[in-house]
Structure formats: structure tokens, C-alpha cells
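Below you'll find the structure, written out as C-alpha cells, and then a few comments.
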Amino acid sequence: MIQYTDYEKAAQYVRPRLPLPAYPIAIVLGSGLGELGDRLSERIEIPYADIPGFAVSGAPGHRGMLLAGTLAGIPVLCMQGRLHRYEGHGFAQVTFPVRVLRLLGVQTLLVTNAAGGINTGYSVGDVMVIADHINLMGGNPLAGLHEPAFGERFFDMGTAYTPALRSLAHACAKQLGMSLREGVYIAVTGPSYETPAEIRAFRALGADAVGMSTVPEVIAARGCGMDILGLSLITNMAAGVTDAVLSGEEVIAIGRARAREMEALVTEIVKEI
């Protein structure tokens with residue numbers, strides 16, 4: 001069982017390796033979006049494998065690096081790759097980095113992901129601001145022994161995705177000549193893609209996009225009192241929406257194709273924060 005001292009040990013390892021005293025913003029880079037980390041100035045890399053308590057990311061397109069640097073002159077930390085339940089990691093392992101980021105002083109968390117479009121009005125390549133989520137991952141990362149140092153046992157999730165940051169994302173997109181969707185993200189465990197029947201059910205529940213990540217991190221971050229912005233890149237239409245055969249290669253390819261636009265948007269948001 002992970003103890004508070006485990007989080008402290010990880011933070012103590014990372015902290016002296018950071019060039020700057022404070023990094024108020026962290027970005028979790030999803031599938032195909034990891035190249036944003038390569039754009040950081042004054043960048044240093046810390047492999048997950050070197051950080052006590054961090055599990056190693058094995059998903060395609062996830063490099064498993066904690067990066068520190070500046071983006072548009074603003075100090076940021078980047079998780080170049082995240083951990084997933086389908087890799088065999090427990091919820092505590094998946095969210096371990098989020099709590100370490102909080103100990104490092106991060107107040108604002110930007111989470112990005114690749115997602116399948118459920119809303120039939122969406123198209124491949126759209127970017128969706130996450131307004132809310134539905135958790136179908138079979139558990140909650142904060143179930144179990146409560147650690148008061150990270151916040152209250154029971155906390156509100158009504159505005160988990162900070163309204164002011166969502167508005168800011170739309171304003172930044174408009175400034176860049178982009179249009180954003182806004183909708184509900186539904187999280188499943190994976191790694192298999194969903195069936196057409198499941199997608200119809202998810203649509204009936206009010207979901208606009210589906211993925212295999214993000215929700216555990218958001219719950220943990222919200223529990224720590226962090227401000228959160230979530231962005232989903234629609235890399236494919238979900239099962240049954242079209243006749244296309246779904247593949248992980250397609251997800252990575254679309255992510256890379258749209259990477260520059262996502263990078264520009266995230267950079268503008270970080271500047272404005």
C-alpha cells in the first residue's frame with residue numbers, strides 16, 4: 001500500500017533536479033501528443049524509471065519521461081506519457097504522479113488525451129474541451145486509506161473541470177482561429193475498443209467522447225485542490241459511428257497530424273494562465 005512517505009520520497013528525488021524553484025503548471029501529454037514536450041525550452045528529462053514509486057509507461061506513443069522546462073517563458077512540468085489501468089497498474093499507481101506533482105507545487109493541471117468520437121456531430125481531428133466525465137473504469141483512485149495531507153475525504157466534483165479554464169480555452173482557440181467542441185468524456189478500462197452496442201449505450205448516457213485514461217488523474221487532482229483543464233483530440237470515430245476498423249496506429253497518426261495545432265492551443269492557454 002502506498003504511504004504518504006512514498007509520495008514525499010518521489011518529490012524529494014525530483015525537486016533538486018529541477019532548474020527553477022517553482023512550476024505552477026503541469027501538462028499530461030496523451031497518445032500522439034508527446035511531441036509538445038520536445039518544444040520546451042531549458043528542458044530537462046527525468047525518466048519515470050528513475051523516480052521512486054513511479055511505474056513505467058508502456059503504452060504506444062508514451063515515452064515515460066517527466067520533463068521540466070519553460071513554454072512561452074512559463075515554467076511547466078510535463079508528463080510525457082501517462083499510466084493506464086489496462087497496463088496492469090492499479091489506480092494508486094496511475095495517480096501516483098499527480099500527487100507527486102502537487103507536492104512539487106503544481107496548482108493547475110492540463111490533461112490531454114486521444115479519444116473516440118461518440119457524438120455523431122463530431123469529426124476526426126476535432127478538439128473537445130472536457131466539461132464533465134462519466135467514470136466506467138470500475139473504481140475510484142481515492143478509495144481505501146485516506147491521506148488527509150492531500151485534502152478532504154469527501155469533496156465536490158461538480159466543477160472538476162474548472163469553468164474559468166474552459167472559458168479560457170475557448171478564448172485562446174478563437175484567437176488562434178480554431179473552433180473547439182465541448183462535451184462529456186466517458187472513461188473505460190480498455191485495452192479493447194468498445195462495441196457498437198456499448199457506444200450506443202454511452203451516447204444514451206450523454207457521453208460525447210470515449211477514452212481509457214484521464215478520469216483517475218482528474219479525480220486525484222481535484223482531491224488535491226488543483227485547477228483542471230481537459231482537452232480530448234478526437235482521433236477516430238467510435239465503433240458503429242462509421243464502418244472503419246479501429247486501430248491504435250490510427251490514433252497515433254491522427255495525434256501526430258494534429259500535434260502542431262494542439263501545441264499552439266496549449267501554449268496559448270499556458271501563456272494566459
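The values are calculated or read from the model by the stated rules, or taken from the named source; none is laboratory data. Since we're looking at a predicted model, the values are computed, not measured. Positions of Cβ are backbone-derived with ideal geometry, glycine not excepted, and every protein chain shown enters the neighbour counts.
A few points about this structure:
- Any chance T112 is hydroxyl-bearing (S, T, Y), surrounded by fewer than 21 Cβ atoms within 10 Å (Cβ to Cβ) and touching a strand residue (DSSP E or B) at 6+ places or on another chain (Cβ under 9 Å): no
- Summed over segment 167-180, residues that are of a type in the set (G, A, S), at negative phi and assigned to a loop (DSSP other than H, G, I, E, B) total 1.
- When A143, A131 are screened for being in a loop (DSSP other than H, G, I, E, B) and either touching a Phe, Trp or Tyr at 6+ places or on another chain (Cβ under 9 Å) or crowded, with 17+ Cβ neighbours inside 10 Å (or both), only A143 passes.
- When segment 79-111 is filtered for residues that are part of a strand (DSSP E or B) and either within 15 Å of A11 (Cα to Cα) or without any contact (Cβ under 8 Å) to a residue 12 or more places away in the chain (or both), only M79 remains.
- Scoring G90 on the criteria (1) over 18 Å from M226 (Cα atoms); (2) buried (at least 22 other Cβ atoms within 10 Å of the Cβ) leaves a single failure, condition (2).
- Search result, residues across segment 50-80 that are within 18 Å of P216 (Cβ to Cβ) and modelled with pLDDT under 85: V56, S57, G58, A59, H62
- Whether a residue is modelled with pLDDT under 95 and surrounded by 16 or more Cβ atoms within 10 Å (Cβ to Cβ) was assessed, and G34 passes this test.
- Checking the stated criteria, A164 turns out to be under 17 Å from V270 (Cβ atoms) and either of a type outside the set (D, E) or in a helix (DSSP H, G or I) (or both).
- The set of residues in segment 128-151 that are of a type outside the set (D, E) and out of contact with any helix residue (DSSP H, G or I) (no Cβ under 7 Å at 6 or more places or on another chain) comprises M128, I130, L136, G138, A143, G144, L145, H146, P148.
- Y122 in a loop (DSSP other than H, G, I, E, B), buried (at least 17 other Cβ atoms within 10 Å of the Cβ) and more than 17 Å from the chain's Cα centre (by Cα): yes
- Only one of the numbered conditions (1) out of contact with any helix residue (DSSP H, G or I) (no Cβ under 8 Å at 6 or more places or on another chain); (2) charged (D, E, K, R); (3) not in a helix (DSSP H, G or I) is violated by K9, and that is (3).
- Any hit, segment 39-54, residues being within 22 Å of S232 (Cα to Cα), under 17 Å from the mean Cα position of the chain (by Cα) and buried (at least 20 other Cβ atoms within 10 Å of the Cβ): no
- Options M128, M157, M137: the member that is at pLDDT 95 or above and over 27 Å from M237 (Cβ atoms): M157
- Flag for G183 being at pLDDT below 95, buried (at least 17 other Cβ atoms within 10 Å of the Cβ) and small (G, A, S): no
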